[in-house]
Amino acid sequence: MTIETPSSARLSCALSDLRATRPLVHCLTNEVVQEITANVLLAAGASPAMVVAEEEAGTFARIAGGILVNMGTPFPERLRAMRKAVEGAREAGRPWVLDPVAAGGIPWRDGVIREFVELKPAVIRGNASEILALAGAGTGGKGVDSTADSSDALEAARALAARTGSVVAVTGAVDYVTDGTRTFAITGGDPMATLVVGTGCSLSALVAAFCAAHPNALEAAAAACALAKRAAEVARRKADAPGSFHVAYIDALYTIRPEELGA
Amino acid sequence: MTIETPSSARLSCALSDLRATRPLVHCLTNEVVQEITANVLLAAGASPAMVVAEEEAGTFARIAGGILVNMGTPFPERLRAMRKAVEGAREAGRPWVLDPVAAGGIPWRDGVIREFVELKPAVIRGNASEILALAGAGTGGKGVDSTADSSDALEAARALAARTGSVVAVTGAVDYVTDGTRTFAITGGDPMATLVVGTGCSLSALVAAFCAAHPNALEAAAAACALAKRAAEVARRKADAPGSFHVAYIDALYTIRPEELGA
Amino acid sequence: MTIETPSSARLSCALSDLRATRPLVHCLTNEVVQEITANVLLAAGASPAMVVAEEEAGTFARIAGGILVNMGTPFPERLRAMRKAVEGAREAGRPWVLDPVAAGGIPWRDGVIREFVELKPAVIRGNASEILALAGAGTGGKGVDSTADSSDALEAARALAARTGSVVAVTGAVDYVTDGTRTFAITGGDPMATLVVGTGCSLSALVAAFCAAHPNALEAAAAACALAKRAAEVARRKADAPGSFHVAYIDALYTIRPEELGA
């Protein structure tokens, strides 16, 4: 199979769509990254909202443009709200993104994640260890961090996409986004992003935002990855340590223009 | 009705009271903004504490100087703790502030917010869409963001204040603070504040802090709004993007002196 | 009793161990400080993970190198997860750290904290008011802030360590770390750290990280305190207000080299 580089024109178009639409993204995410997730969405050009009660998560998912379900800190009450949100998203035809945090590490969590994979997310975004585990080809990373390279999970990502019908994004030193047939590679970025909590989780939120604004999920996911990688590069030129990098990364998500997204 | 500009002397006095008192503010707020809320209070000169269990929220509210109840991410267990906190606040004569996040959007949430409005908060602080919804004159914004200008909600704010006995602050490009009879307008600020999550929610916490330190709730709420607007202006002069703006906003809350608060 | 200054060689060795091991730290901490706690661990050289469900907290504690239990925002479901995590830590022989936030303020909370003290944490890290309360010699601070100096709690810390078998770290203007027999004092730091929420709570997470990487809990806790104090000093030279200080503090945790840790 060939690996394509997404065209600058397509990436620019997706970011223009995001900025023009300013979609409302309903995030059911983990406890650790809620603030950075909201700030990443706001800086990039979307409108975040976290609605977490079972009583209103389904109603709100029908209002939102895109939905994020992140498995970083699941617990029974939150899982009930996530199920309602996914049900609402499916009924209203809204794209939703699954972030299978730490898949492959703990049986209870794996059971929960498997349940959501079967609910047909538009996109699954994870690191190599997570995607390998979901494809049945690995046994998890170190806590929330991957112990494999994204290229190690490329075939697993394709197989997972082919089996589930979801676009699969496996992110790392190189990001691969595949629908099982076509595969995009997005290069660049900077490893310092791994020293700021929530850069991966908020990338999944960006994927949901791009999917809400741009009809093609494969291109939308690729554009989200490209924006995050460009922002990390810009940030790294301004910052030598993770505190400053975090600030510069948020700034860059805001200042990068659509025409800068392509290679 | 006339609209007044709060006098510099009054605003300075309120901020001096805050810095001298360093009140303990008990925040029952949403999951997304807990860190920025605490940092805003610390920088401005108050002492934040989040005590969230039903078992201790009421006891703690009696110890605190002011209490914040923010409806961003309500769920049944947290609502029980909020009810205990409000009960404690009322019994101990402590001022409490209601932030009716996203009022007007979802029936379940509206029912919850209505219940708390009837419990007579000292101040209700919201955006235009929220205040219009509470006054029965609008149908909600876009998620947590207002789709109306604050001036559109001025009459609604006055009517809500007159009906409930609460001071009502409707914030936006111009902030209006009213007790139904007198109305203050606070101008300035910077729209970049809307790109940092929690600047609105933490303003409600600042209102609770000022109310704890300064006996007049109308002046206290106006001073909180004035401090936030001045800090946003200072931050905007130092920052061109939301990551840097966030840092500069916290810095400015700390460095602004009482005598700088007036126009 | 004498008070020792920890040797530069020992402190350097502990930080080298941390950077070489990059231990996985399982944090069951309060709602307010989850993001800064993760970022502090990442910057210093550890790998944070927050796993909060009762269903998986015990399993995950057996995988982690060190565990943090922080009592900032306890509630019944979270307490059940904390009990499972401590049980897992004890069975797997993993060091765990207790942060008794606001001990001495509310009877319900004090009962909960007492229960965990009896479960024999490797280290208890608190401020003076908290340690005085745990030792039965004080009645709590102002919310989460201490109203006493760390030196006021030195004897209480020694008594608590002698009674429980835990290393006790009482932090403040000077940090004291004691096992009841030997006592280290760590000086330096900067008071501006108290204006950034979570610097104390994340120090407890750092203690867990150092304990996971370095076998001697007394030295590990002293090294964590020394790293935090050095980082605060570096940050204060770059920043005059708490927003900038926060960024510079995270940066410094990353840039400080082992050989810089000693006085």
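Projecting the alpha carbon convex hull of the range C:119-171 along each direction and taking the average yields 3.2 nm². For the range A:224-238, the Karplus equation 6.51 cos²θ - 1.76 cosθ + 1.60, evaluated at θ = phi - 60°, returns couplings of 4, 4, 5, 4, 5, 5, 4, 4, 5, 5, 4, 4, 5, 6, 9 Hz by residue, with Gly and Pro reported as x.
Sorted from shortest to longest, the distances between the C:Ala92 label points of this copy and the other copies are 4.0, 4.0 nm, with each point 7 Å from Cα along the line through the beta carbon. Suppose the Debye formula is applied to equal point scatterers at every Cα of the range C:183-263; what is log10 I(q)/I(0) at q = 0.13, 0.17, 0.19 Å⁻¹? The calculated log intensity ratios at q = 0.13, 0.17, 0.19 Å⁻¹ are -0.37, -0.62, -0.77. Summarising the amide proton neighbourhood of C:Ala137: residues at separation of 5 or more, or on other chains, whose placed amide H is nearer than 5 Å comprise an empty set. Taking chain C as a Gaussian network of alpha-carbon nodes connected by springs under 10 Å, the highest mean-square fluctuation of the residues C:Ala209, C:Ala193, C:Ala46 belongs to C:Ala193.
With neighbour counts taken as other beta-carbon atoms within 10 Å, the residues B:Phe116, B:Phe60 rank, fewest first, as B:Phe116, B:Phe60.
3J(HN,Hα) couplings calculated from phi for the range A:168-176 with the Karplus curve 6.51 cos²θ - 1.76 cosθ + 1.60 (θ = phi - 60°) are, in sequence order, 10, 10, 10, 10, x, 4, 10, 9, 10 Hz; Gly and Pro show x. Put in order of Cβ neighbour count within 10 Å, fewest first, the listed residues B:Ile63, C:Ile106, C:Ile3 become C:Ile3, B:Ile63, C:Ile106. Ignoring aspartates and glutamates fewer than eight residues from B:Lys238 along the same chain, the ones with Cα atoms less than 14 angstrom from its Cα are A:Asp251, B:Asp190, B:Asp251. Computed over every Cα-Cα pair of chain C and binned at 10 Å starting from 0, the pair-distance distribution P(r) comes out as 8, 35, 40, 17, 1 percent. Among all the lysines, which ones have a C-alpha under 18 Å from A:Lys84's C-alpha, if same-chain residues fewer than 8 places away are not counted? Once the sequence-local lysines are set aside, what remains near A:Lys84 is A:Lys120. With one equal scatterer per alpha carbon and no solvent term, the Debye-computed log10 I(q)/I(0) for the range B:1-154 at 0.11 1/Å reads -0.46. Between amide H atoms placed 1.01 Å from N, distances below 5 Å from B:Ser47 occur with B:Leu24, B:Val25, all of them 5 or more places distant or on a separate chain.
Highest mobility in the GNM of chain B, judged by mean-square fluctuation with C-alpha springs under 10 Å and restricted to B:Lys229, B:Lys84, B:Lys238, is found for B:Lys238. When C:Arg114 is represented by a point 7 angstrom out along its Cα-to-C-beta vector, the spacings to that point in the other copies are 4.5, 4.5 nm, nearest first. Translational diffusion of the range A:17-99 was estimated from the Stokes-Einstein equation, with Rh taken as the Kirkwood radius over Cα pairs; at 4 °C and 1.567 mPa s the coefficient is 104 µm²/s. Each residue of the range B:66-82 was assigned a 3J(HN,Hα) from its phi angle through the Karplus curve 6.51 cos²θ - 1.76 cosθ + 1.60 (θ = phi - 60°); the sequence is x, 10, 10, 10, 10, 9, x, 9, x, 8, x, 5, 5, 4, 5, 5, 5 Hz, with glycine and proline shown as x. Which stretch or stretches of the range B:189-219 have amide N atoms under 13 Å from the point lying 7 Å from B:Arg237's Cα along the Cα→Cβ direction? Label zone hits: B:189. Over all pairs of different C-alpha atoms, the range C:74-137 has a mean inverse distance whose reciprocal, the Kirkwood radius, equals 12.2 Å. Sorted from closest to farthest, the other copies place their B:Thr181 label points 7.2, 7.2 nm away, with each point set 7 Å from Cα along Cα→Cβ. Backbone amide hydrogens, once placed in the peptide plane, bring B:Met71 within less than 5 Å of B:Asp99, B:Val101, excluding anything fewer than 5 places away on its chain. Peptide C:73-80 has a mean shielding of 4, counted as Cβ atoms of other protein chains within 10 Å of each residue's Cβ. Here the residues C:Ser204, B:Ser202, ranked from fewest to most Cβ neighbours within 10 Å of their Cβ, fall in the order C:Ser204, B:Ser202. The eigenvalues of the Cα gyration tensor, multiplied by 5 and square-rooted, give the protein assembly as shown an equivalent ellipsoid with semi-axes of 36, 36, 24 Å from largest to smallest.
Each reported figure results from applying straightforward, stated rules to the coordinates on display, with no laboratory input. Source: prediction; values computed, not measured. Ideal geometry is used to build each Cβ from the backbone, glycine not excepted, and the neighbour counts take in all protein chains shown.
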